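Every number in this text was worked out from the coordinates using simple rules, so none of it is lab data. Keep in mind that what you see is a predicted model, and the values were worked out from it rather than measured. As a convention, Cβ positions derive from the backbone with ideal geometry for all residues, glycine included, and neighbour counts pool all protein chains shown.
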Amino acid sequence: MNKGRVEAFTDAVVAIIMTIMVLEFKTPEEPTLEALFSEAPYLFAYIVSFVFICVAWYNHHYMFALADRISKRTFWINNFWMFTMSLLPMAAAWAGNSIDDRVPEYFYIVIFFLWSLAYLFLTKSIAKDLDVTNPEKAAKIRSMPPYKFMTSILFPIAIIVAIGAVYFFPPSGLLLTFLELIYMAFNTTPDSDRIEGM
């Protein structure tokens, strides 16, 4: 399958998701700082989700730059990955507008978990295809920090900690997600900004 077309399609969907997220942000009804601050919870949820998508796209772009081809399996897993990401605007709006309630925060964690699984399956699929054509590139993909994190015991521990933290302090779900994303934003593979096609 043509890699460029799949990348272009993915980029378009990601751009639309980011646009929808900002459209969910309500313009303050009054020209006061108090009115702006009343939207602060959603603004925080939006920032977390924006960073989420940026980190995801950067790593996704790295994997696709290494891929030699896109198999049918990878194509459909990539679609599932985009589907889970497409739920972010709604999850962010709900979590941001109900930041002190557990259920919306748990829903955000569920979306994050499903997205993580989709990303893990996508990573494994691309690496598996590369095992046949270019084992060195496959090894590079498996050495990516997100892959290492999601295949370690730290990932389920992080999810369990987030679930427990939300029970006692609902905004902690977004806070913990944000901290993890900041870590992932700076902890990238050494050649991630130098590989051909990046």
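About the centre of its Cα atoms, the stretch 3-186 shows a dipole size close to 1120 debye [charges on the beta carbon of Lys, Arg (+1) and Asp, Glu (-1) only; nearest 20 debye].
For the stretch 80-120, the spread of Cα coordinates along the three principal axes comes to 30, 14, 8 Å, biggest extent given first. Lysine pair count for the chain with Cα-Cα distance under 15 Å and sequence separation of 8 or more or different chains is 9. Any chance you could give the angle, 0 to 90 degrees and rounded to 10, that helix 40-66 forms with the longest Cα principal axis of the chain? On a 0 to 90 degree scale, this one is about 0.
Each pair of Cα atoms in the stretch 80-149 enters the Kirkwood radius, and Stokes-Einstein at 4 °C and 1.567 mPa s then converts it into a translational diffusion coefficient of 96 µm²/s. Considering only Ala127, Tyr108, Leu181, the residue lying farthest towards the positive end of the dipole of the stretch 67-185 is Ala127, judged by Cα position with unit charges set on Cβ.
Every helix of 4 or more DSSP H residues in the chain counts as -39500 (n - 2.57), and over all residues that averages to -25500 deg cm²/dmol at 222 nm.
Using a Gaussian network for the chain with springs between C-alpha atoms less than 10 Å apart, which of these wobbles most: Ile70, Ile16, Ile47? Of Ile70, Ile16, Ile47, the Gaussian network model singles out Ile16 as fluctuating most.
Taken as Cα centroids, the stretch 66-85 and the stretch 102-179 sit 16 Å apart, rounded to the nearest whole angstrom.
Computed 3J(HN,Hα) for the stretch 185-193, one whole-Hz value per residue from the Karplus formula 6.51 cos²θ - 1.76 cosθ + 1.60 where θ = phi - 60°, is 5, 9, 9, 10, 5, x, 9, 4, 9, glycine and proline marked x. Straightening the chain between Arg142 and Ile160 buys 4.1 nm, computed as 0.36 nm per residue apart minus the Cα-Cα spacing.
Rounded to the nearest whole Hz, the Karplus-based 3J(HN,Hα) values (6.51 cos²θ - 1.76 cosθ + 1.60, θ = phi - 60°) of the stretch 28-38 follow the sequence x, 7, 10, x, 10, 5, 4, 5, 5, 5, 5, with x at glycine and proline. Given R₀ = 41 Å, FRET efficiency for Leu33-Thr133 by Cβ-Cβ distance, to 0.05? So, using R0 = 41 Å, E works out to roughly 0.10. Applied to the stretch 6-20, the Karplus parametrisation 6.51 cos²θ - 1.76 cosθ + 1.60 on θ = phi - 60° returns per-residue 3J(HN,Hα) values of 5, 4, 5, 4, 4, 4, 5, 5, 4, 4, 5, 4, 5, 5, 4 Hz, with x for Gly and Pro. With R₀ fixed at 35 Å, the C-beta to C-beta distance from Asp101 to Phe186 puts the FRET efficiency at about 0.65.
Report the calculated FRET efficiency for Met1 and Ser86 (r = Cβ-Cβ distance, R0 = 25 Å), to the nearest 0.05. The formula returns an efficiency of 0.75 here. Report the gain in length on full extension from Ala65 to Ala40: 0.36 nm times residue separation, minus Cα-Cα distance, nm rounded to one decimal. Full-extension gain reported as 5.3 nm.
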